[in-house]
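Heads up: the structure comes next, in structure tokens.
Please treat every number below as a calculation from the coordinates, not as lab data. Nothing here was measured: the structure is a model prediction, and the numbers come from that model. Here Cβ is always computed from backbone atoms with ideal geometry, including for glycine, and neighbour counts include all displayed protein chains.
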Amino acid sequence: MNLFRKIFGDTKPVIGMVHLKPLPGAPGYCGDLEKVYDAALKDLNALKAGGADAVIVENFGDIPYATDQELITTTAFASIAARLRKECDLPMGINVQFNNYEAEWAIAYSCGYDFIREEVFAENRMGPNGVCISSGPALMRIKSRYPKDIAILADVNVKHTFAIVEQPLDFTIESIIEGGADALICTGIMTGKSPSVEDVAEMKKIAGDIPVVVGSGVNEKTVCDYMAVSDGAIIGSSFKENGNVMNPIDEQRVRSLMRKLK
């Protein structure tokens, strides 16, 4: 059975983001890991109270992102992830920027998480983080050595990057599915920017039975339109105070959007 379906059943989940403040090793780290955890826990509790269906924990504050973090960064992430997992019975996912598949699988495996988000699974892309080579082959070999029912949500043409060599959309999607991902993510070009509804519908048509999740730009005004053609949505900016991605989660904004789907 498809692991995304196993986790969410017939639900089209709204997945909120717990954006961690800079971790040790990142340029913006404040020097106090407990403050990073406290802010994350407040955001987690706001998403839960507002009615979100699931959560992704991401090291959003570690700008500029590296493709290979220092050991202290990965260890700090794992420590916070383990503590947050104990506070939440919703499905939870891990995303280690940028495309750090080994850390994602290790943290999800060790801390009891349900899924990971993988930005560059079956493509070769570049951007401000450098060059990212498709992680699917290595990730699936790690999964075979350390098997667990952890779903892989793979981006298609992930935001903030550009293809090193352009490849047809159907080829990319088929390669991701063939490689073993459990769901696809459709994003706009950057955080908070939406793909069109038509973009999502086209991806869904090509993907067939494999779930397609909208990964950026969904808000209260558009969520019903996107949910009509997709299998779920990942929401970050729209759940933040004043819609600003750098602000904490606003429980009332979460609650208001979730009401639209009732």
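When the chain is treated as a Gaussian network with alpha carbon springs shorter than 10 Å, the biggest mean-square fluctuation among SER237, SER144, SER196 belongs to SER144. Please enumerate, by chain and number, the lysines with C-alpha under 20 Å from the C-alpha of LYS6, excluding those fewer than 8 residues away in the same chain. Cα-Cα hits under 20 Å: LYS143, LYS148, LYS204.
Counting each DSSP H run of 4 or more residues in the chain as -39500 (n - 2.57), what helix-only mean residue ellipticity at 222 nm follows after dividing by all residues, to the nearest 500 deg cm²/dmol?
Values: 9 runs with 98 residues, N = 262.
-11500 deg cm²/dmol, from helical runs alone.
Across segment 22-33, rounded Karplus estimates of 3J(HN,Hα) from the backbone phi angles (6.51 cos²θ - 1.76 cosθ + 1.60, θ = phi - 60°) give x, 8, x, x, 7, x, x, 4, 7, x, 9, 5 Hz, Gly and Pro being marked x. A P(r) calculated from all alpha carbon pairs of segment 113-189, with 10 Å bins opening at zero, reads 19, 54, 24, 3 percent.
Highest GNM mean-square fluctuation among GLY112, GLY50, GLY31, for the chain modelled with Cα contacts below 10 Å: GLY31. Could you please state, rounded to a whole Å, how far the C-alpha centre of segment 1-70 is from the C-alpha centre of segment 100-138? Cα centroid to Cα centroid, the span is 15 Å.
Label-to-label distance, ASP32 versus ALA82, with points set 7 angstrom from Cα along the beta-carbon direction: 2.3 nm. Here the ratio of the Cα radius of gyration of segment 29-152 to 2.2 N^0.38 Å is 1.05. Normalised Debye scattering of the chain at q = 0.08, 0.15 Å⁻¹ gives log10 I(q)/I(0) of -0.27, -1.07, counting only Cα atoms as equal scatterers and leaving out solvent. Among LEU23, LEU44, LEU71, the residue with the largest mean-square fluctuation in a Gaussian network model of the chain, with springs joining Cα atoms closer than 10 Å, is LEU71.
Considering only the Cα atoms of segment 152-254, their convex hull presents on average a projected area of 6.8 nm².
Applying 1/(1 + (r/R0)^6) with r as the Cβ-Cβ distance of GLU178 and THR67 and R0 = 35 angstrom yields a FRET efficiency of 0.90. Around the amide H of PHE60, modelled in the peptide plane, lie the amide H atoms of LEU20, all under 5 Å away and 5 or more residues distant in sequence or on another chain. In sequence order, segment 51-65 has phi-based couplings of x, 4, 8, 6, 9, 10, 9, 9, 7, 4, x, 7, 6, x, 5 Hz under the Karplus curve 6.51 cos²θ - 1.76 cosθ + 1.60, θ = phi - 60°, and Gly or Pro positions carry x. Multiplying the residue separation of ASN124 and ASP225 by 0.36 nm and removing their Cα-Cα distance gives an extension gain of 33.3 nm. The gain in end-to-end length when the MET1 to SER110 segment is fully stretched comes to 37.0 nm, 0.36 nm per residue minus the alpha carbon separation.
The lysines within cross-link reach of LYS35, meaning a Cα-to-Cα straight distance under 27 Å and a gap of 8 or more places when in the same chain, are LYS21, LYS48, LYS86, LYS240.
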